[in-house]
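K.L.:
Have a look at this one.
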Amino acid sequence: MVKNYLAIIYRNIKENKFLNLINILSLVIGMAACLLILLYVARENSYDDFHENAKDIYRLNLDIYREGKLAQRTAQVPCPLGPTMKNMFPEIKEFTRLIDWGNCIIRYKDNSLRAVDAFLAETSLLTMFSFPLVKGDPTTALDNKNDALLSESFARKLFGNEDPMGKVIIYQGRDRDIHYVIKGIFKDLPKNSHLQFDLLFSIKEVVDRPGMRDNWKTHGVFNLYLWLNPHTNVKNITAKLDELAKNLVEKDMEVHSALQPLRDIHLYSGHIQWDYTQGNYKIIYFFSILALFILIIAWTNYIIITTARSMNRAQEVGMRKVIGATRKQLIGQFLFESLLLNIFCAILALILARILLPGFNRFFGLNLSMSILTDTNVGLPLLALFLGGSILFGVYPALALSSYKPVSMIAGKLKSSAGGKLLRKVLLVFQIAAAVCLIAGAVSVYKQIDYMNKKDLGINIDQVLLVLNPTYLIVEPDILQSGERFARELQEYPEIVSVTSSNVPGDPYFTSEDVRRENSDAKYLVKFGIIDYNFLDTYGAKLVAGRNLSREFPTDKDAVLLNKEAIRLFGFESPEKALHQVLIGDNKRYKIIGVLENYHQTSLKDAIEPICFKMHHYSPHTYLSVKLNTKNLTRAIDLIKTKYKKHFPGFPFEYLFLDEYFGRQYKVERNIGKMAGTFSLLAIFIACIGMWALAVFTVATRTKEIGIRKVVGATVSRILILLSKDFIKLIAAAHIIALPLAYFGVKKFLENYAYRIEIGWWFFLIPIGIVMLSAFLTVSYHVFKIATTNPVDSLRYE
C-alpha cells in the first residue's frame, strides 16, 4: 500500500510540477525561517541549563524600600548574609559569594595582559556550579587568599606553552600589586552562561577583613548564590530572611528578598540595577510568536493550494471509492502524502538553514549553532512542533477530499464547496493579518531606534575618543602623575579640545549614597557621577546656575554639582536657591556650587535620574574621554597613541569612539528591528504565494464566465475590477483585524521606554501600502492575463 501511495504522489507531482514546486518552496522557506528564529530562542532559553544542580540554585535579590517607596532593586547583598543564612536555615546545602572585579592588568614575567572579566570567588563556586577544572582540585582551589584560577584561553595568552600550575602572577591593583598562585585551570565558559569570566581570584582576603566580615550595610558588592536542598519551599526561605532583615537594617529602611532561579537570571533580570545579564524574556516571546506565525502562514498556504487543486484529483478519488476504498483509507492516504511532503520539506529546510546560518549570524551579530538541536530539550519539542503541525494542517485537506460523492467526482460535476471557499478566504485573511502585524511592529521598532539616535541627549558625544585609562587599573603616585601629564600634553595640540576622566555616557552610575539636606531627616538614595574639571568642556554639559568645579578653589574637593532632577528631588525651589546649600552624605558634607541641565547618561529606555556630581582623588573610570577637533582622525589617533606609549609604557593602547559605545545600548532594539523587518518581508512573500494560488484557482473556476462577459461587451478594466474586488475585500478585512492588534502590541512595547515615539499616520499607511503593493503585483499579472484572453478560448475551456 505504501508503494502505491508513493506512486500516486510521484504521479501528482509530475502532473502539477509548477504548483507543487510553489507549495514546496513555501513550506521550505517558512520552515527554514522558523528554524533559524527558534535557534535563537532556544539559545536564549538554554542559559545555565548545563549546570548539574541548576534547578536547585538561586540568586538572592533584594528590594530596598525607603519611607514606603521602592528605592533600589539589587543583586548585591551584605558580606555576612551568606554564612548567616547557612547557619540559620537548614534548607541551604551550600552558598557562594562573588564580586565582579571587572578590568585588571595581569603580569607574568615580561608579559602583561588586560583581563576584562575577573571575579573574586569562593571554592564553593566550583562545587555548586558545573565549571570543570582541567587542572587543579575543585574542592580546595580557592581556599587560600592568594589562590587564582585561569581559563584555558587566558592561560595560553599569558603563559604560552608553559604549564601555569603553581606559577605566580601579579595582579596590578589600584593601590598595590598582589601576588597570586595559579591553583587551577578551568574550561572556557559556555556562551550560554550568565556568568562570564577569564580569571577567578580567592575572595577570602576580602571577606575576612574586620570591616567587611561583620558589615551589614545593605548596599554591598557581593552576589550571593544559594544551593537549596531538593523540594525546598522557596517562599519559606524568603519569609524567614525578611524577618531576619528587620533586625539588621536601618529604621527608615525596609528590605524584601527574592530568590531568583538560576535559569531565570539571563532573561528575567531587567529590573535589577547594575546587573551584567542582557537577556529579555519579552523579546523571546516576540520572536517565538514571529517564528510560529511564519510557520503557520506556510502551512496555510499548503491548505489553500491543496484544496484549490482538489478538483484535479476528484476523478481519482471517485474511482478509488467505486472500487472499494473506504473514507478511512482515503484519509490515511492524504495524511500520508501530507506528512511525507512536510518531512521532505523539513529536511530541505534544515539544509537551507545550515547554509544560511553563517550569514544569519553575521547579519544579526549572533553566534548560533545547529548543535543545539542535539539537546533533547530543544530537538524533541521542535520535532513535535513540525510533526504535529504537519498532521494538523493535513487533516482538513484529507477530510475535504475524502468526503465527496463518487458519482459527482467521476462525472466531473464536482464544485468547490462553500465551506472550502470560506476556509481558503479565512486562511488568506490570517496570513495577510499576520504580515500586517509584523510590518507594523518592524516599522515601529525602526522609528523608535531612529528617534533615540536623533534625540538631543543634552550633551555632545560626537568626536569623542575613549582611551583605556591606566589610572583606573592601577592607583600609584607615578601612574596618577603620568595620567595628569598625558592629559595636559594632549591639550597642547589643536586637534584636541579637552581630556576628562568621568563616567562615560552609555554606562550607568555605579556610586550611590544615602543623602539628605542639612537640617532634614528625609534621606534619598542618590547616584553620584564622578567627574573632573574638564568634564563640562569635553561633553558640553550646560550649567543653569552657579559655577563649575575649579582648581582655584581647594574646597571644591567637597563640593558637588546637581542636575535639575536632583534639585526637584531634594525640594529646592529653584536652581539658584540650591546654590551654597549643604547636603549630608555618608558622614560627609557636600556644598552645592552649581546646577547642570538634565542630560541622558544612559539610553532613552531610562528616565533621567537625580544625580550629584563630585570630584574623586583618583580616576575611577575605565576610559579617558578625549574630545577631538579634527577631520583627520587617523592623525589624531596616532598622536594620542604616541603620547600614551610615552607616559604608560607596557600598557595596552585600546580605544573606541563614544558614539559607537553609546549605541551598544540599542543593540537589542536594532536586532529586533532587523529580524522583524527581514521576516516580515518573508511573511509577505509567503502570503503572496497563497494569494497567487487563490488567484489561479479563482480564475480557473471563472474562465467561462469571463469569456461570456467579454462576448456581451465587458471591458478588460471591468473584468479586472470584478476579479480583484474579492481580494481587496480580504485584504481590507485583514487590515481591520490586524491594525488594532498591532497598535496594542506596539503600544505595550513602547511602554518599556521612558522617551518614545508617538504612533502617527505612518503606523497605518506604511503596512497598508506595502501589503497592497505586494498583493497587486502578485495577483494583477494572472488576472490581467485571463482578462485579455480571447473569449473564444475562454468559452472552449474545460
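K.L.:
Return the distance in nm (one decimal) between the two label points of a simple spin-label model at D586 and Q481, each offset 7 Å from Cα along Cα→Cβ.
P.N.:
Reported label-point gap for D586 and Q481 is 3.1 nm.
K.L.:
Distance in nm between label sites at I343 and F50, each 7 Å beyond Cα in the beta-carbon direction?
P.N.:
Distance between the two pseudo-spin positions: 3.4 nm.
K.L.:
If Rh is defined by the Kirkwood formula over all Cα pairs and Rg also comes from Cα, what ratio Rg/Rh do you get for the range 141-245?
P.N.:
Values: Rg = 17.8 Å, Rh = 16.8 Å.
Ratio of gyration radius to Kirkwood radius for the range 141-245: 1.06.
K.L.:
Which ³J(HN,Hα) values in Hz, rounded to whole numbers, follow from the phi angles of the range 89-94 under the Karplus curve 6.51 cos²θ - 1.76 cosθ + 1.60, where θ = phi - 60° and Gly and Pro get x?
P.N.:
10, x, 5, 8, 6, 7
K.L.:
So if R0 is 35 Å, what FRET efficiency would D177 and N629 give, r being the distance between their Cβ atoms, rounded to the nearest 0.05?
P.N.:
Working: r = 38 Å, r/R0 = 1.09.
Efficiency at R0 = 35 Å is approximately 0.35.
K.L.:
What spacing in nm lies between the two simple spin-label points modelled at F553 and T376, each 7 Å away from Cα in the Cβ direction?
P.N.:
7.0 nm
K.L.:
For F744, what accessible surface area do you get with a 1.4 Å probe? Give it in Å², rounded to 10.
P.N.:
Accessible area of F744: about 130 Å².
K.L.:
Please report the base-10 log of the normalised intensity I(q)/I(0) for the range 110-198, using a Debye sum with one equal scatterer per alpha carbon and no solvent, at each q in 0.10, 0.11, 0.12, 0.20 (1/Å).
P.N.:
-0.24, -0.29, -0.34, -1.00
K.L.:
Which loop GluC sites (Glu not before Pro) in the range 542-623, with loop taken from DSSP, have no more than 16 other Cβ atoms within 10 angstrom of their Cβ? Don't skip to the end; give the middle numbers.
P.N.:
Details: sites: E552, E565, E573, E576, E597; in loops: E552, E573, E597.
Listed in order of number, the matching sites are E552, E573, E597.
K.L.:
Can I ask one more? Between R547 and residues 5 or more places away or on another chain, which pairs have amide H atoms under 5 Å apart, with H built 1.01 Å from N, and which residues are they?
P.N.:
Excluding prolines and chain starts, which carry no amide H, the hits are G594, V595.
K.L.:
How about the range 574-670: which chymotrypsin sites (Phe, Trp or Tyr not before Pro) there lie in a loop by DSSP and see at most 15 other Cβ atoms within 10 Å?
P.N.:
On the way: sites: Y590, Y599, F613, Y618, Y623, Y644, F653, Y655, F657, Y661, F662, Y666; in loops: Y599, Y618, F653.
Here the chymotrypsin sites (Phe, Trp or Tyr not before Pro) that fit, given the DSSP loop and packing criteria, are F653.
K.L.:
Same structure, new question: Which ³J(HN,Hα) values in Hz, rounded to whole numbers, follow from the phi angles of the range 640-650 under the Karplus curve 6.51 cos²θ - 1.76 cosθ + 1.60, where θ = phi - 60° and Gly and Pro get x?
P.N.:
Each residue of the range 640-650 in turn: 5, 5, 4, 5, 5, 5, 5, 8, 10, x, x Hz.
K.L.:
Report, to the nearest whole %, how much of the accessible area of the range 463-619 belongs to carbon and sulfur atoms, 1.4 Å probe, protein only. Don't skip to the end; give the middle numbers.
P.N.:
Values: 3180 of 6840 Å².
Answer for the range 463-619: carbon and sulfur cover 46 percent of the accessible area.
K.L.:
Kindly provide the Kirkwood hydrodynamic radius of the range 22-147 in Å, to one decimal, from all pairs of distinct alpha carbon atoms.
P.N.:
Numbers: mean 1/r = 0.0519 Å⁻¹.
With all distinct Cα pairs of the range 22-147 included, I get 19.3 Å.
K.L.:
Please give me the summed charge of the neighbours of V497: other residues whose Cβ is under 13 Å from its Cβ, Lys and Arg +1, Asp and Glu -1. It would help to have the intermediate numbers written out before the result.
P.N.:
Numbers: positive: K627; negative: D462, E492, E495, D537.
Combined, the nearby Lys, Arg, Asp and Glu give -3.
K.L.:
What does the charge count near K643 come to, summing +1 for each Lys or Arg and -1 for each Asp or Glu among other residues with Cβ under 12 Å from its Cβ?
P.N.:
On the way: positive: R485, R488, K641, K645, K646; negative: E489, E492, E495, D638.
Net charge in that neighbourhood comes out at +1.
K.L.:
If you don't mind, there's one more thing I want to ask. Over all distinct Cα pairs, what is the inverse of the mean 1/r for the range 473-592, reported as the Kirkwood hydrodynamic radius in Å?
P.N.:
On the way: mean 1/r = 0.0616 Å⁻¹.
Taking every pair of different Cα atoms in the range 473-592, averaging 1/r and inverting gives 16.2 Å.
K.L.:
Which ³J(HN,Hα) values, rounded to whole Hz and listed in residue order, are derived for the range 486-496 from phi using the Karplus coefficients 6.51, -1.76 and 1.60 in 6.51 cos²θ - 1.76 cosθ + 1.60 with θ = phi - 60°, glycine and proline given as x?
P.N.:
These are the phi-based 3J(HN,Hα) values: 4, 5, 5, 5, 4, 6, 7, 9, x, 6, 10 Hz.
The values are calculated or read from the model by the stated rules, or taken from the named source; none is laboratory data. Please read all numbers here as calculations on a predicted model, not as lab measurements. FYI the Cβ positions are ideal-geometry reconstructions off the backbone, even for glycines, and counts take in every protein chain you see. These accessible areas exclude ligands, DNA and RNA; they are computed on the full protein's heavy atoms, side chains included. Shrake-Rupley method; radii C 1.70, N 1.55, O 1.52, S 1.80 Å.
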